[in-house]
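Derivation of every value follows stated rules applied to the coordinates shown; laboratory data play no part. The model shown is predicted, which means the values in this text are computed figures rather than measured ones. Glycine also receives a Cβ, built like all others from the backbone with ideal geometry; neighbour counts cover every protein chain displayed.
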Amino acid sequence: MKEYNVAIVGATGLVGNTFIQILEEVDFKIKSIRFFASKRSAGKVLYFKKQPIVVEELNENSFDGMDLALFSAGGAVSLKYAPIAVSKGCRVIDNSSAWREDPSIPLIVPEVNFRDYSMNRLIANPNCSTIQSVLPLKALDDAFGLNRIIYSTYQAVSGSGQKGKDDLIRTLNGEEPKFYPYNISKTCIPEIDVFLDNGYTKEEMKMIHETQKILHRPDLKVTATCVRVPVLNAHGVSVFCETKKKASLEEVRSVLEKFENIVVLDDGKNHRYPTSIVANGTDQVYVGRIRQDLSNEYGICFYCTADNIRKGAAANAVQIALKLAQSDEM
Ligand code: A2P
């Protein structure tokens with residue numbers, strides 16, 4: 001069985017830490033592992049399977065002899081260092097948004113479009129809210145065909161990294177916000193990432209473009225409203241979709257139940273529906289509140305939750321790596 005030399009870039013961050021945790025949990029054969037971050041963290045000690053590992057400052061030689069690099073250190077680091085890693089023969093799975101819209105770079109959710117990997121040694125990991133949404137949407141697109149999607153998100157503060165979690169805790173303790181523009185303990189904030197000239201935020205445009213790319217449906221009509229909510233971890237997404245073929249709720253439920261890594265929780269009268277609580281710490285996508293749209297006979301509504309740091313980021317990347325290793329394509 002082949003073993004791999006692995007680099008974690010952004011190892012001291014929230015997603016970076018979760019890469020480490022998930023690599024400890026899964027059966028991915030590791031020969032050696034190195035942790036990289038900025039100069040600030042050089043010398044700090046982190047642990048892998050109880051072994052101390054000193055964090056190194058990232059530089060152009062960091063990828064010499066490496067087989068796999070998992071990146072989550074922001075777009076600028078990925079733009080500069082992912083091509084360097086690839087030039088050294090390393091597979092890169094990048095959690096930033098830097099490469100996602102590049103047509104030559106595959107954007108992968110393993111349950112949906114794993115076979116896109118062959119395009120390039122650099123693979124982009126999609127946006128967190130998009131990952132959890134495209135599992136149920138792929139199931140519905142395959143079965144009934146999709147015409148149109150409307151997303152409304154309820155995104156946890158962990159999506160902003162440690163700074164977001166700190167701001168929720170700080171404001172819950174009665175202190176002033178230092179990170180979000182408003183007191184996140186007292187309001188939802190309909191602003192995620194920067195505002196663009198068309199009135200949408202970059203997060204909303206990411207959901208639109210990434211959904212079309214992952215589903216191989218550039219023609220699909222998609223719109224989105226992304227909102228930060230006072231929840232520590234695990235995003236919710238409310239989805240309206242319009243199908244081409246008419247679908248009964250029983251058919252929709254049956255298609256969703258059969259799809260890999262979807263858990264259907266759909267018994268409202270008994271308070272069974274997706275919550276951030278049930279999704280937190282897991283790698284599944286929870287789907288419920290499945291309804292016929294009363295304003296459109298081809299419309300289906302549902303709500304889904306997932307752990308945005310695990311399935312929405314680190315677990316998705318590690319699942320890609322595991323599948324590459326199983327296919328001998330690392
Ligand atoms: P550091 O801790 O040294 O700043 P988060 O998304 O939770 O904020 O984490 C961001 C991660 O990206 C951290 O591990 C951070 O390291 C790392 N990072 C930020 N800037 C750089 C850089 N210029 N080079 C390498 N790693 C970086």
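Limited to segment 78-92, what total is found for residues that are more than 11 Å from A7 (Cβ to Cβ) and either out of contact with any Phe, Trp or Tyr (no Cβ under 7 Å at 6 or more places or on another chain) or not hydrophobic (A, V, I, L, M, F, W, C) (or both)?
Within segment 78-92, residues that are more than 11 Å from A7 (Cβ to Cβ) and either out of contact with any Phe, Trp or Tyr (no Cβ under 7 Å at 6 or more places or on another chain) or not hydrophobic (A, V, I, L, M, F, W, C) (or both) number 7.
Report every pair of residues separated by at least 6 positions or lying on different chains whose Cβ atoms are under 6 Å apart, first residue within segment 187-207 and farther than 20 Å from G74 by Cβ, second of a type in the set (S, T, Y) and assigned to a loop (DSSP other than H, G, I, E, B).
Listed pairs, sorted by first residue: I189/Y180; I189/Y182.
Taking segment 136-184, which residues are part of a loop (DSSP other than H, G, I, E, B) and under 21 Å from P274 (Cβ atoms)? Spell out the reasoning first.
If we filter segment 136-184 for residues that are part of a loop (DSSP other than H, G, I, E, B), which is where we start, we get 145, 156, 161, 173-184.
Once the filter is applied, which keeps residues that are part of a loop (DSSP other than H, G, I, E, B) and under 21 Å from P274 (Cβ atoms), segment 136-184 yields only A156.
Looking only at segment 264-297, which residues are closer than 24 Å to A247 by Cα and β-branched (V, I, T)?
Those that are closer than 24 Å to A247 by Cα and β-branched (V, I, T): V264, V285, V287, I290.
Looking at (1) among the hydrophobic types (A, V, I, L, M, F, W, C); (2) in a helix (DSSP H, G or I); (3) surrounded by fewer than 17 Cβ atoms within 10 Å (Cβ to Cβ), which is the only condition V255 fails?
(3)
Determine, yes or no, whether K323 is in contact with a helix residue (DSSP H, G or I) (Cβ under 6 Å, 6 or more places away or on another chain), more than 11 Å from P136 (Cβ to Cβ) and surrounded by fewer than 18 Cβ atoms within 10 Å (Cβ to Cβ).
The answer is yes for K323.
Select from segment 115-153 the residues that are under 18 Å from V285 (Cβ atoms) and of a type in the set (S, T, Y) and write down the one among them that is surrounded by the fewest Cβ atoms within 10 Å (Cβ to Cβ).
S152
Among what's in segment 30-58 and is part of a loop (DSSP other than H, G, I, E, B) and more than 9 Å from the ligand (Cβ to nearest atom), pick the residue that is farthest from the chain's Cα centre (by Cα). First the steps, then the outcome.
Of the residues in segment 30-58, the ones part of a loop (DSSP other than H, G, I, E, B) are 38, 42-44, 49-50, 55, 58.
When the remaining residues are screened for being more than 9 Å from the ligand (Cβ to nearest atom), the result is 43, 49-50.
Working: G43: 29, K49: 24, K50: 27 Å.
So the residue we want is G43.
Yes or no: T187 in a loop (DSSP other than H, G, I, E, B), surrounded by fewer than 20 Cβ atoms within 10 Å (Cβ to Cβ) and of a type in the set (V, I, T)?
So T187 fits the description; yes.
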